[in-house]
Structure formats: structure tokens, C-alpha cells
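These notes are about the structure you will find just below.
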Amino acid sequence: MGSSEECPCRRSLLRKSIFTAAQDGDLKHVQAFFECSKAHLHVDFTDDFGYTSLHYAAQWNRTLVVEYLLKKGATVDSRVCGATALHRAAFRGSKACVELLVAYGADVNLPDESFGDQKTALHKAASQGHEEIVQLMIKAGADMTLKDAFGLGYDECIPQTIDDRSKRNICQEDDAIVLKEDATLGVRCSRCQQVCIVIVRNHCCRLVECEACYDKGLPCPICGTVSIPATSIDVEPAIPIQTTMPTHTKVTNRSSTKPIVGLLNIKKRKETIKST
């Protein structure tokens, strides 16, 4: 082969990333990356979020790519992101890839730590109504007694009817899961006062917000800092309800000038600190 410009993986890179190729089921493209002697790309190579090619291929039920990656030596239970490929496949309903992963020794009892809900692949499949995968997980030795972060067993995660959902005090609003006022689980958002199962804390004062309020990019009610919504946010399961906003100690030596925000204002920040 002549120059590096003629390398198959370099030509492939111009079209799509290895992760997009895995998600699309483009086996030829995936092979171009991993078979290239110049790229030296490890089969467990992750993206910025900790996902491997196996995660993407398994989630979208790309059996040929999954089988190729596993034969290539991919770590079946890799979870730099907090979740394994089995979690993603079970949640999505990718039965064929679930079978492949189990055949290659995937741990069916590992909890998903990416969102803090601690759900196993069995919980994931049950929550989406994938009955065949639920049975497959049980047959593969999944522990049916394991509970998630909310104390729910897999059978309690099975989708409910509208009437059943109302009995459990759960309702759906916007894109966030919120609870009714008389619920005994969750934390109240400091802005909209809705009780949420999953919360986000702003980066400056660690104030509790629901995902919907966080995405609006509103100024912090305590220090005034505007947090730009990130493409990846840290969410956590809510613990007991807070009926009041958290108290914060005022900083007496804080400058009276308007807070300077943004990554490009480091010099101004330093000048402000010196003036105080």
C-alpha cells in the first residue's frame, strides 16, 4: 500500500465514524477500521460518552457487526459509560443481539449505573414490555429478586395501564417523569416544584432541578450564574422528598458586580477577584 491517504480506514473516516458505522450495521466499514494495520484501533475503543462500537451495534440489533466485534475480542461487559451492551440491547428490544451477548457470556445481573437507576437487563426489558427478552433473561439465569434504585423488582417495572399508573401516583409531564403531590418517592424541583424521580443539579450551587427546567438554561436563583445545558448531563435518582428549597450560606466577600459567566471570560474573572 502506498501513502496513508490510500488506507481504507482513512477513506472510511471521511464518510462516517466507527460508532455510526456500528449503529448502521455497516460491517464493511467497521472492518475497515479494525483491520487496518496503521490505525491500531482497539476493539474496545470508546467515544466521549464511554460507549463502544459493541454498545451501538447491539442496541440497534446489528447482529453481523456484534458477532464480528465479539469474535474480534470485544469485552462483552464493557461499561465505561455505566451500562453494558446487554443493557442497551434489552431496553431496545434487540432480541437477536441479546441472545448473542448471552452466548458470549454477558453478565445478566449487572446493574446499569449510567443513570443511577441500578436496573438490570431484566428490569430494562420488562420496563419496555419485551416479554420474549424477559423470558430469555430468566432462562439465562437472571436473578428475579434483584431490586432497582427505587426498590422495584423486574415485574413491577412492566408497563402499566393508565388507570394503574394513576394508582401508583405516576403521571407524565413534558419529557420528565414526575410524581403527584401525595407521592412518597422523589425530590421536588426547586423551580417548578414538581416531584421528580430523576433530578439534575446545576453546576454552580448544586440546586435540585428537573430535566425540563435544567434544559431551559435559566439563571441560578442563588448566584445568578447561567449554566449552558450540556449535551451530556449528570442525573441521579431522587431520594426522599424535599418540601423546601435547600439553604445556602451567603458569601460575604462576593463582588457586588454582576457574575461573569462563560469559558471565554477567564481574564475578567481574575480581574474581578483581584478587585475584591
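Brief remarks on what is shown
- Condition broken by residue 166, with the remaining ones in (1) modelled with pLDDT under 90; (2) touching a helix residue (DSSP H, G or I) at 6+ places or on another chain (Cβ under 7 Å); (3) assigned to a helix (DSSP H, G or I) satisfied: (2)
- Only residues that are surrounded by 15 or more Cβ atoms within 10 Å (Cβ to Cβ), in contact with a helix residue (DSSP H, G or I) (Cβ under 6 Å, 6 or more places away or on another chain) and either in a loop (DSSP other than H, G, I, E, B) or hydrophobic (A, V, I, L, M, F, W, C) (or both) were counted in the stretch 44-71, giving 9.
- Any helices (runs of 4 or more DSSP H) falling wholly within the stretch 78-153 and containing at least 2 residues that are in the same structural domain as residue 51 (by TED's automatic domain parsing) and over 20 Å from the mean Cα position of the chain (by Cα): 95-103, 131-139
The values are calculated or read from the model by the stated rules, or taken from the named source; none is laboratory data. Values in this document were obtained by computation on a predicted structure and should not be read as measured data. So basically every Cβ, Gly included, is an ideal-geometry build from the backbone, and we count neighbours across all protein chains shown.
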